[in-house]
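Here's the structure we're looking at; comments come further down.
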Amino acid sequence: MGATTIDIRLLGPFQVRVGGSPVVLTSSRQRALLATLALAAGRLVSIDALARGVWGETPPAHIRGSLQTYVMRLRRLCGEDVVVTEPEGYRLVVDPSRVDALRFLRALDQAAATSDPAQRRALLTAALATWGGTPLEGVGSPALAAEWEPLLTERHLFAVEQRIDLDTGLVPDARLVAELTDLVAQHPLRESLWERLVRALARSGRRAEALARYAGLRALLADELGVEPGEDLRR
């Protein structure tokens, strides 16, 4: 028999598939353990790092014994060969391409490395198709969320902005306006999204609406942060 194939979804609701079939981990500790191992994708994760991911700042008195118990249960659910014991910790036997968060980051790195706009657009589109919502939703690890959610969310938003820039002139401005309107509603203090929305409105002949949006942002920034819009928006 071949090695067990495991797929782990962390971009949105936590999901695990083993050999193509869904596996439900009812324990938040098990989910946190698997997510911590998955984000290292085949590399050793130390006992201390696993303890932080699983228990945060309140680990049990006997960390190694507790981890052994959770690893044993994880092997029963996902396959005996999925988790390898090392002298200093544990390692998940998984290809990084089968962890959606790592596949997402790799595609973004590939997009950044290419100088061809069409190829970059294709890579960004493929990466963004992986996104399923709030990272690590349902994992149950505040420590992992604090470390990974801001990074993944920022990379996602930056990728969306890059793809919108590459879409400009290729897709109707009305479609970009609709997308950007949703985005600024979700991220009202992100000026770079507002800038793209105002410019898309202006390009589509909706100058009055563009000015109204700018005025609304100016008031919002003054109320929330006590600042004026950046120079790029004021131009």
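The values are calculated or read from the model by the stated rules, or taken from the named source; none is laboratory data. This one's a predicted model, so the numbers in the text were calculated from it and none came from an experiment. Because the Cβ atoms are built from the backbone with ideal geometry, glycine has one as well, and the counts that use them run over all protein chains shown.
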Quick one: how many residues across segment 193-219 are surrounded by 15 or more Cβ atoms within 10 Å (Cβ to Cβ) and assigned to a helix (DSSP H, G or I)?
17
Answer yes or no: is there a residue in segment 72-95 that is under 14 Å from the mean Cα position of the chain (by Cα) and at pLDDT 95 or above.
no
Only one of these is out of contact with any Pro (no Cβ under 6 Å at 6 or more places or on another chain) and either under 20 Å from Leu136 (Cα atoms) or among the polar types (S, T, N, Q) (or both): Leu44, Leu92, Leu11, Leu102. Name it.
Leu92
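For Trp148, indicate whether it is within 30 Å of Pro13 (Cα to Cα), in contact with a helix residue (DSSP H, G or I) (Cβ under 6 Å, 6 or more places away or on another chain) and aromatic (Phe, Trp, Tyr).
Working: within 30 Å of Pro13 (Cα to Cα): yes; in contact with a helix residue (DSSP H, G or I) (Cβ under 6 Å, 6 or more places away or on another chain): no; aromatic (Phe, Trp, Tyr): yes.
It is false that Trp148 is within 30 Å of Pro13 (Cα to Cα), in contact with a helix residue (DSSP H, G or I) (Cβ under 6 Å, 6 or more places away or on another chain) and aromatic (Phe, Trp, Tyr).
Do you know which residues across segment 163-191 are surrounded by fewer than 16 Cβ atoms within 10 Å (Cβ to Cβ), in a helix (DSSP H, G or I) and modelled with pLDDT under 95?
First, pick out the residues of segment 163-191 that are surrounded by fewer than 16 Cβ atoms within 10 Å (Cβ to Cβ): 165, 168-172, 174-175, 178, 181-182, 185-190.
Narrowing further to those that are in a helix (DSSP H, G or I): 165, 174-175, 178, 181-182, 185-186.
Listed by number, the residues that qualify are Ala174, Arg175, Gln186.
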Cβ-Cβ distance below 7 Å, separation of 6 or more or different chains: which pairs start in segment 200-219 with a residue that is closer than 25 Å to Arg163 by Cα and end on one that is among the charged types (D, E, K, R)?
Ala200/Asp173; Leu201/Glu209; Leu201/Arg213; Arg203/Asp173; Ser204/Asp173
I'd like to know if segment 136-148 contains one or more residues that are surrounded by fewer than 14 Cβ atoms within 10 Å (Cβ to Cβ), of a type in the set (Gly, Ala, Ser) and within 16 Å of the chain's Cα centre (by Cα).
yes
